[in-house]
1. Tell me yes or no: at least one residue of the stretch 589-599 is part of a strand (DSSP E or B), surrounded by 13 or more Cβ atoms within 10 Å (Cβ to Cβ) and free of Cβ contacts under 8 Å to residues at least 40 places away in the same chain.
2. Taking the condition surrounded by 15 or more Cβ atoms within 10 Å (Cβ to Cβ) and part of a loop (DSSP other than H, G, I, E, B), does L293 pass?
3. Mind checking which pairs have a first residue in the stretch 444-473 that is farther than 14 Å from N574 by Cβ and a second that is in a loop (DSSP other than H, G, I, E, B) and of a type in the set (F, W, Y), Cβ under 8 Å, 6 or more apart or different chains?
4. Name every residue in the stretch 92-139 that is part of a strand (DSSP E or B), modelled with pLDDT under 95 and β-branched (V, I, T), in order of residue number.
5. Among the residues of the stretch 436-451, write down those that are closer than 24 Å to A616 by Cα and part of a loop (DSSP other than H, G, I, E, B).
6. Does T130 count as closer than 18 Å to T606 by Cα, crowded, with 17+ Cβ neighbours inside 10 Å and hydroxyl-bearing (S, T, Y)?
7. When only residues in the stretch 468-516 that are among the hydrophobic types (A, V, I, L, M, F, W, C) and in contact with a helix residue (DSSP H, G or I) (Cβ under 9 Å, 6 or more places away or on another chain) count, which is surrounded by the fewest Cβ atoms within 10 Å (Cβ to Cβ)?
Amino acid sequence: MRKLAIGVAALAVVAALVFLATTLWRASSSLKNAAARVAQEGLVSFRAIPLDRPLPTGFESISTPAQFRDATLFQGRFYLCGPPGLLAYDLNGSLAARYRPGLELPPAPLVAMASGIGSGKTEPQLWIATAGEGLIAFDGRKFTQIRPDDQSSRSLTAVLPLSSGRVLLGAGKRGVLVWDGQSLARYHSALNDLQVTALAGAEADLWVGTMDRGVFRWHAGQLDHFAEPEGVPDPRILSIAVDGGAAYAGTALGVAEFRDGRFTRVLAGGFFAKALLVKGATLVIGTLDEGVLDVPLTVQKPRIRNTADESNLDGVERLFALEGKTYALARGGLFEQSPKSGEFTKVLEMPGAVLADGNIAALAADRTGRLWVGYFDRGLDILEPGFTLAKHVENEHVFCVNRIVHSNDGGLSAIGTANGLVLIDASGRQQQVLGRPEGLIANQVTDVLLRGDSGSPSITVATPAGITTIDASGTTSLYAFHGLVNNHVYALAASGTRLLAGTLGGLSILDSGVVSASFTTANSGLKHNWITSIVAVGSDWFIGTYGAGVLKFDSTGRWSTFADWKAPVVINPNAMLVTDGAVYAGTLGQGLAIFNRATGRWVFHTSGLPSLNVTALAAGNGYLYAGADNGLVRVSERELAGQ
């Protein structure tokens, strides 16, 4: 019995040990699985795309101003990046190479860059952040794009290579991402919801600037936050510089200084601190329009010294020190500071441009072969054939251009702007401005119909308050009171006495000036109420929407969709065009949509475009002109049809 009892006890102990071991194994396995799930949840799916592909044929860029955002020295050359692309200069100042968005590079503006040795690499690489197409790695010979599948994670604002080989990325509204050479992930959940504008510091002590929440410091697993209540002069951080135990955050109202992680004071109060550089006991500040400032750091109330004439050096984007020299990247070029006088001298000249700006809002080709280019906030350019000469028109009315149309005989052009309807003659001279005092229902003009010749035109304008028609009989307006489905009208189209008005709330049909029918998602096959563009295609109408792509509306009043449109797609306001062979639609973020009228199929085209946000279209002499928020290109319609 004693042996039996001992045996039973031994078995019990063994069973207990087995149970304990099993429990511990399961717990450990659960913890590992949980950790794996957490890690997996932090991963960002992406594609690594080699950019050594053949260039798209037939695309020609029309030069826009060289507005660069960052500069650095890499492999013995100066590299400058910005919306026009990446430029490489030899140290003697000659342009050695140029890489353009949509051609050698992805179709997006470049916003920031830095060099550093990546994980698993032995030589430095150039890391380039884009506004819409993720991260680009350049080894001096070839480019590789790291493109997140999530669209919101592609819009980067800052890049910071770390000594560990990892690269931190400011991802706009998606916080901070980290690239380790193999995977892309959220850096830490505490930083996920930040709208990042700047990154500085090191892995053990990271400073993060934000759009509207001040500055954050991540260190030793702790997140510190500094905003206006803690002394930061403005919640929008423009720049950050770190030097040992000190950090500086530039804002539009001065620079916040931090010592050992504590806010200490505001430097250069009232100055727009776009760029910062610490040089020993001096803080160098690049401003928007007041040159470069030197601020001594060793005195409690430092006196500011301006080391650059503001007429010579304004719009400073970056300050950096290379091989003992100080450089400033500004609106006019790259400048080097004299160590003796402190003055800045231009060492790299920006390439010239025919266009006044790169943010295109409206396009129209006239009978003489000229191209009219309207900008979101820079007025209007009239380009002569050949595109070597442009006449620029910009004033209090011709500023924010929404629409450009020409009369049948080419003698009159109507420019719809945010400040009224501007009439311009064939020579480009302003003839008249029409607004509310002259009978328009509102000053802001979103679309224009111009029918007839310049001697007796009939003009119909769309506004946020309704529609106004101006003809020989006078001026008349109508809005929701008269049956219009919504007052905010974005797009107009006409056939005979029938007028189609696309609004924020649906589509209205007007026959002889009277609303005869209205269509919304509630009473028809319309898939989205916000109508942005309308074009006639034979006896049908193609209707662009803000979210449902393009739909067809036929002469019987029936709506139908296209099988080629899958995900929600935004058609930009009045960014649609019809030619004999195709219908073109400019989208927000998905490039150029092309409908082949012979096959009845849509395709999406992205290569060759300076941006995937196509905002305006025009055609003439066999060419298609595509304007975007990052430039303007022209391509032969024949070439485009063959791609």
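1. Initially, the stretch 589-599 is screened for residues part of a strand (DSSP E or B), giving 592-596.
Imposing the further condition that a residue be surrounded by 13 or more Cβ atoms within 10 Å (Cβ to Cβ) reduces the set to 592-596.
Checking the rest, the ones that are also free of Cβ contacts under 8 Å to residues at least 40 places away in the same chain come to 592.
So far as the stretch 589-599 goes, yes, one or more of its residues are part of a strand (DSSP E or B), surrounded by 13 or more Cβ atoms within 10 Å (Cβ to Cβ) and free of Cβ contacts under 8 Å to residues at least 40 places away in the same chain.
2. Numbers: surrounded by 15 or more Cβ atoms within 10 Å (Cβ to Cβ): yes; part of a loop (DSSP other than H, G, I, E, B): no.
No.
3. A465/Y479; G466/Y479; I467/Y479
4. Passing the criteria: only I117.
5. Taking the stretch 436-451 as the starting set, the residues that turn out to be closer than 24 Å to A616 by Cα are 442-451.
Within the stretch 436-451, A442, N443, Q444, V445, T446 meet the criteria.
6. Details: closer than 18 Å to T606 by Cα: yes; crowded, with 17+ Cβ neighbours inside 10 Å: yes; hydroxyl-bearing (S, T, Y): yes.
For T130, the condition - closer than 18 Å to T606 by Cα, crowded, with 17+ Cβ neighbours inside 10 Å and hydroxyl-bearing (S, T, Y) - is met.
7. Narrowing the stretch 468-516 to residues among the hydrophobic types (A, V, I, L, M, F, W, C): 470, 472, 478, 480-481, 484-485, 489, 491-494, 499-501, 504, 507, 509-510, 514-515.
Imposing the further condition that a residue be in contact with a helix residue (DSSP H, G or I) (Cβ under 9 Å, 6 or more places away or on another chain) reduces the set to 470, 514-515.
Details: I470: 20, V514: 11, V515: 17.
The residue in question is V514.
Condition check ((1) over 14 Å from the mean Cα position of the chain (by Cα); (2) closer than 21 Å to P65 by Cβ; (3) surrounded by fewer than 20 Cβ atoms within 10 Å (Cβ to Cβ); (4) among the hydrophobic types (A, V, I, L, M, F, W, C)) across all residues:
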residue	(1), (2), (3), (4)
V111	no, yes, no, yes
P148	yes, no, no, no
L156	no, no, no, yes
L168	yes, no, no, yes
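The values are calculated or read from the model by the stated rules, or taken from the named source; none is laboratory data. Everything numeric here is computed off the predicted structure, so don't read it as measured data. No Cβ is skipped: glycine too gets one built from the backbone with ideal geometry, and neighbour counts run over all protein chains shown.
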